[in-house]
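For reference, the structure is listed below as structure tokens.
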Amino acid sequence: MAHATTHEHDHHDDHHGAPKNFFVRWCMSTNHKDIGTLYLVFSLLMFFIGGSFAMVIRAELFKPGLQLVQPYFFNEMTTMHALVMIFGAVMPAFVGLGNWMIPLMIGAPDMALPRMNNLSFWILPFAFSLLLSTLFLPGGGPAGGWTMYPPLSLQGDSVAYLVFAVHLMGISSIMGAINIIATILNMRAPGMDLLKMPVFVWSWLITAFLLIAVMPVLAGAVTMLLTDKYFGTSFFNAAGGGDPVLFQHIFWFFGHPEVYIMILPAFGLVSEIIPTFARKPIFGYKAMVFAIASIAFLSFIVWAHHMFAVGLPLGGEIFFMYATMLIAVPTGVKVFNWVSTMWGGSMTFETPMLFAIAFVILFTIGGFSGLMLALAPADFQYHDTYFVVAHFHYVLVTGAIFAIIAGTYYWLPKWTGHMYSETWGKIHFWNSVIWVNVLFFPQHFLGLAGMPRRIPDYNVAFANFNMISSIGGFLFGASQLIFLGVIVHAVWFSKKKAPDRVWEGAKGLEWTLPSPAPYHTFDVPPVIHDDELAHGHVED
Amino acid sequence: MNQSTEAALEQSRKKGVRLTVTVVGSIAFAIFVLSLLQGLKYS
């Protein structure tokens, strides 16, 4: 297979390793590994900030009545929790994983546009400082929900901050997506044909096209919000001839593909991890790739299932209902292929595999409740209830976040050169998987019983399940401190050196490199041999 | 891989990256403008 190369000659000294100066290394870096690390650290920070907002929400909902916070602050917390988790934690985590691993997986020396890569990252801390600073403004922060529906979202004084922060996040995402597309299409090592790429790389290529297609739509939508608020336009103002429902159409044209932006790279990650620990090539490689592409296509034609309750024409409701249910087909292909990969495999259950298996099972539960919500007549009952909250948290927490955690455990030894503590990894896993279900499963029952979302107080009839959910929430939150501890230990304190091929069943270019991966890799493109590819030989 | 092949690879990568950035960047900008135009059309 490919022989890992680190350039040891022909270059100036500073090409041999990381710059010694802290500022130069981390603020001016053009190295994909350093920028990947920055993204991952930033996303972990945002994960804990967004998580602390969730703790406020669950503490307030621990029992009926107003306990700890004022209703406006509660609304700020729900809004900020979503914005921070979506744009600050999940998306940057995948960009970080992509930054670190895509060049290593395709045999490229770096990302195609390293300076733009630096800019893409460094926009984010400014965007989130701006967004989070609104919590300290006299008028308070955004409190109209992450969906920013007018006229509600236009009532606060922080609209300009919110819009500018969203613009910055969008610019960062678009630049990141352009970089990933340019890297995958142009920087692959000779012989790394498109259908030889690892599924994770494929999933990111497709996700990057989704980002290109929908982030400008979000930018357009929030620009119109801004002009409605400050420049006297009436895009969404019925009194001026506009239409508030227009915003919902534009927002969800972005918003639904956004859901897949957060889950397709997770599919890719799990498709790397399961074959490694099942010691078998992925079952149905091409079907997996086409399924991701099909899901991406379908994500553009289902947006109005978020809006069944606004009074769509019957034909529209039927179309969006069936189109949404159609997504179950390629998703089912993926789930069956993951199971088939495990079937008959020589499986072991290290922490990444445990999280990947939990992903398959729990994401499928989230998918099934999504099918229930896709049914237009049923959605009239479920709409704006805790059932929706339960559904999307199963998809995003036990889906996207479990996959990110699995990916982190999977590649952490390659990044740091040290093994993490498997015992503590498993303690983290079992705590996470138990408490996440205690947290979110009762929310299905609350929703079915009629508890609305985004309320700080509720009927006493909902008290028990809310208390159980809050206890699960606190313990799930606390469990993530174990994750932080495992990472800190692996980076600074672990004595156990990681081998080059960290996992016995791991295949792919990244495992041919030393651990930790050298600062510069694949300056000389590697030679690709089919039989050593992660997914095995692909028939033409 | 000899030096001339490496240089040719580098050159073709640069050309490809420039083309990709131009096409994909233009698509992103066009979608932004189109979304504003749609807003103007329906409001």
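The values are calculated or read from the model by the stated rules, or taken from the named source; none is laboratory data. Just so we're clear, the structure is a prediction, and the values are computed from it rather than from any experiment. Every residue, glycine among them, receives a Cβ derived from its backbone with ideal geometry; neighbour counts consider all protein chains shown.
Anything in region A:434-478 that is of a type outside the set (Phe, Trp, Tyr) and outside any helix (DSSP H, G or I)? List them, or say none.
First pass over region A:434-478, keeping only residues of a type outside the set (Phe, Trp, Tyr): A:434, A:436-439, A:442-444, A:446-457, A:459-461, A:463-464, A:466-473, A:475, A:477-478.
Those that are of a type outside the set (Phe, Trp, Tyr) and outside any helix (DSSP H, G or I): A:Ala449, A:Gly450, A:Met451, A:Pro452, A:Arg453, A:Arg454, A:Ile455, A:Pro456, A:Asp457, A:Asn459.
Here is a yes/no grid of residues against (1) over 22 Å from the mean Cα position of the chain (by Cα); (2) under 19 Å from A:Leu44 (Cα atoms); (3) not β-branched (Val, Ile, Thr):
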position: A:Ala390; (1), (2), (3): no, no, yes
position: A:Leu396; (1), (2), (3): no, yes, yes
position: A:Ala400; (1), (2), (3): no, yes, yes
position: A:Thr408; (1), (2), (3): no, yes, no
position: A:His428; (1), (2), (3): no, yes, yes
position: A:Asn431; (1), (2), (3): no, yes, yes
position: A:Leu439; (1), (2), (3): no, no, yes
position: A:Phe465; (1), (2), (3): yes, no, yes
position: A:Ser469; (1), (2), (3): yes, no, yes
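If you go through region B:1-14, how many residues are more than 9 Å from every other protein chain (Cβ to nearest Cβ) and aliphatic (A, V, I, L, M)?
Going through region B:1-14 one residue at a time, the tally reaches 2.
Given the options A:Phe47, A:Phe74, name the one that is crowded, with 21+ Cβ neighbours inside 10 Å, under 23 Å from A:Met169 (Cα atoms) and of a type outside the set (Lys, Arg).
So the residue among A:Phe47, A:Phe74 that is crowded, with 21+ Cβ neighbours inside 10 Å, under 23 Å from A:Met169 (Cα atoms) and of a type outside the set (Lys, Arg) is A:Phe47.
Going through region A:500-540 one residue at a time, which ones are at pLDDT below 80 and not acidic (Asp, Glu)?
If we filter region A:500-540 for residues that are at pLDDT below 80, which is where we start, we get A:529-540.
Within region A:500-540, A:His529, A:Leu533, A:Ala534, A:His535, A:Gly536, A:His537, A:Val538 meet the criteria.
Yes/no per residue for (1) under 15 Å from A:Ser203 (Cβ atoms); (2) surrounded by 23 or more Cβ atoms within 10 Å (Cβ to Cβ); (3) aliphatic (A, V, I, L, M):
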| residue | (1), (2), (3) |
| --- | --- |
| A:Gly241 | no, no, no |
| A:Val245 | no, no, yes |
| A:Phe251 | no, yes, no |
| A:Ile261 | yes, yes, yes |
| A:Gly268 | yes, yes, no |
| A:Gly284 | yes, no, no |
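In region A:414-423, which residue that is in a helix (DSSP H, G or I) and surrounded by fewer than 22 Cβ atoms within 10 Å (Cβ to Cβ) is farthest from the chain's Cα centre (by Cα)?
Checked region A:414-423; the qualifying residue farthest from the chain's Cα centre (by Cα) is A:Thr423.
From the list A:Ala490, A:Ala461, A:Ala406, which residue is surrounded by fewer than 16 Cβ atoms within 10 Å (Cβ to Cβ) and either among the small types (Gly, Ala, Ser) or at pLDDT below 95 (or both)?
A:Ala461
Just checking, which of B:Val17, B:Val23 is more than 7 Å from chain A (Cβ to nearest Cβ), surrounded by 11 or more Cβ atoms within 10 Å (Cβ to Cβ), in a helix (DSSP H, G or I) and of a type in the set (Val, Ile, Thr)? Before the answer, list the steps.
Numbers: B:Val17 fails: more than 7 Å from chain A (Cβ to nearest Cβ).
None of the others qualify; the one that does is B:Val23.
Inside region A:207-233, can you point out the residues that are at the interface with another protein chain (Cβ under 10 Å from one of its Cβ atoms) and assigned to a loop (DSSP other than H, G, I, E, B)?
A:Thr233
Out of A:Pro109, A:Pro138, which single residue is assigned to a loop (DSSP other than H, G, I, E, B) and touching a Phe, Trp or Tyr at 6+ places or on another chain (Cβ under 7 Å)?
Just a single option satisfies the conditions, and that option is A:Pro109.
Being assigned to a helix (DSSP H, G or I) and crowded, with 19+ Cβ neighbours inside 10 Å is the requirement here; does A:Lys426 meet it? Steps first, answer last, please.
Numbers: assigned to a helix (DSSP H, G or I): yes; crowded, with 19+ Cβ neighbours inside 10 Å: no.
The answer is no for A:Lys426.
What number of residues in region A:146-180 are aliphatic (A, V, I, L, M) and farther than 17 Å from A:Asn117 by Cβ?
Qualifying residue count, region A:146-180: 9.
Can you list residue pairs whose Cβ atoms sit under 8 Å apart, with the first residue in region B:1-27 being at negative phi and among the charged types (D, E, K, R) and the second being modelled with pLDDT under 85 and surrounded by 13 or more Cβ atoms within 10 Å (Cβ to Cβ)? Count only pairs 6 or more apart in sequence or on different chains.
Pairs found: none.
Looking at (1) within 14 Å of chain B (Cβ to nearest Cβ); (2) assigned to a loop (DSSP other than H, G, I, E, B), can you tell me which one A:Val166 breaks?
(2)
Under 6 Å between Cβ atoms, at least 6 apart or on separate chains: pull out the pairs that start in region A:375-394 with a residue that is touching a residue at least 60 places away in the same chain (Cβ under 8 Å) and end on any residue that is of a type in the set (A, V, I, L, M, F, W, C) and assigned to a helix (DSSP H, G or I).
Sorted first by the residue in region A:375-394, then by its partner, the pairs are A:Ala376/A:Phe308; A:Ala376/A:Met321; A:Asp379/A:Phe308; A:Asp379/A:Leu373; A:Tyr382/A:Leu373; A:His383/A:Ala309; A:Tyr386/A:Leu446; A:Phe387/A:Leu448.
On the basis of being in contact with a Ser or Thr (Cβ under 7 Å, 6 or more places away or on another chain) and in a helix (DSSP H, G or I), does A:His256 make the cut?
On the way: in contact with a Ser or Thr (Cβ under 7 Å, 6 or more places away or on another chain): yes; in a helix (DSSP H, G or I): yes.
Here the answer is yes, as A:His256 does meet what is asked.
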